[in-house]
Amino acid sequence: MWFLFALSSAVLLGFYDVFKKQSLSGNAVIPVLFANTVISSLIFLPLIVAAPLGYMPTDSHWYVPAGTLSMHLWVVLKAIIVLSSWVCGYFAIKHLPLTVVGPINATRPVMTLVGALLLFGEHLNPWQWAGVVVAIVAFFMMSRSGKKEGLDFAHNRWVLLLIAAAVFGAVSGLYDKYLLAPAQSGGRGIPAVFVQSWFNVYQMLVMGVAFTLWRRFRNADEHFQWRWTIVGISLFLCAADMCYFYALSFDGALIAVVSMTRRSSVLVSFLFGAFLLKERNVKSKALDLLLVLVSLVLLCLGAK
């Protein structure tokens, strides 16, 4: 069951990337990201308010406890890690094709896998190992195909920012496992809905400061234009995160597999970039895409 939620998160995350690309095209990054965090916070604010007012039963999955100071500080750190990834990623996706962004972002599960094996001692069955290996090969081939876009990966600042976003994203994935895992398993045992609700609020506060500084010190050529696709960013991200956190909350859920499956969102963004944005070298990337689908089938078999 946890794998189905991970797969749902991947599909929703793919549309999230599409809405990001549409919102950032010719638009300033900081205000778009700030608007995104405000909308996401408003989505979860009713859950935060409902609990102390007694409108949410304590045995409900959506019940958000008040939490201790320690719990809130752990979530503040998560907000900082995620925002670091988002700021780097937003600037990168604004300047790079989606069919290049996807392959580089797809390296996150590899980083997360190494971390999960080293920190959590996770074990994969043969089907899952096969899926992981095929996915790694597919992501490597997609990265090579991206070079045909004429980008010098070693010296392009947007590519380097995207790699930094991938690193922060992998750290965030491992940190999520630590926050959600029960204390007897070495984690903090913080409820997933508490993490998701409050981390959105803390992101909004941090981005509020960043937006204030941007307005004061922005370049003359930086402009912000409101687009309704910004709402789409928040809606699809919140839905994707709900499925993601719920998948991790299942006993026996493997962070390596959940993260790998989540990165298959590249399929959605790839198709959008190829057929609607008419990005180049689509044929050379078709085999790469097929390998990603094969890896998903293998992971599905391993998750049963």
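The values are calculated or read from the model by the stated rules, or taken from the named source; none is laboratory data. Note that the structure is a prediction, hence the values are computed from the model and not measured. Cβ atoms come from the backbone with ideal geometry, glycine included; neighbour counts cover every protein chain shown. Keep in mind that these areas ignore ligands, DNA and RNA; they rest on the heavy atoms of the full protein, side chains included. Shrake-Rupley method; radii C 1.70, N 1.55, O 1.52, S 1.80 Å.
With the structure loaded, tell me whether Phe44 is assigned to a helix (DSSP H, G or I), in contact with a Cys (Cβ under 9 Å, 6 or more places away or on another chain) and under 19 Å from Leu235 (Cα atoms) or whether it fails that test.
yes
Can you find a residue that is on the phi < 0 side of the Ramachandran plot and under 15 Å from the mean Cα position of the chain (by Cα) anywhere in the range 40-61?
yes
Scan the range 30-58 residue by residue and report those that are touching a helix residue (DSSP H, G or I) at 6+ places or on another chain (Cβ under 7 Å) and either closer than 16 Å to Pro191 by Cα or aliphatic (A, V, I, L, M) (or both).
Ile30, Val32, Leu33, Ala35, Val38, Ile39, Ile43, Phe44, Leu47, Ile48, Met56
Test of understanding: among Ala6, Ala51, which residue is open to solvent by less than 40 Å² (accessible area, probe 1.4 Å), without any contact (Cβ under 8 Å) to a residue 40 or more places away in the chain and part of a helix (DSSP H, G or I)?
Result: Ala51 is the single residue among Ala6, Ala51 that is open to solvent by less than 40 Å² (accessible area, probe 1.4 Å), without any contact (Cβ under 8 Å) to a residue 40 or more places away in the chain and part of a helix (DSSP H, G or I).
Restricting to the range 19-37, give me the number of residues that are at pLDDT 90 or above and either within 13 Å of the chain's Cα centre (by Cα) or open to solvent by 40 Å² or more (accessible area, probe 1.4 Å) (or both).
4
For the range 212-231, what are the residues that are open to solvent by 50 Å² or more (accessible area, probe 1.4 Å) and closer than 14 Å to Asn36 by Cα?
Passing the criteria: Phe224, Gln225, Trp226, Arg227, Trp228.
Please specify each residue of the range 57-78 satisfying the condition of being in contact with a Leu (Cβ under 7 Å, 6 or more places away or on another chain) and open to solvent by 30 Å² or more (accessible area, probe 1.4 Å).
Restricting attention to the range 57-78, the residues satisfying the condition of being in contact with a Leu (Cβ under 7 Å, 6 or more places away or on another chain) are 62, 64, 74, 78.
Answer for the range 57-78, where residues must be in contact with a Leu (Cβ under 7 Å, 6 or more places away or on another chain) and open to solvent by 30 Å² or more (accessible area, probe 1.4 Å): Trp62, Trp74.
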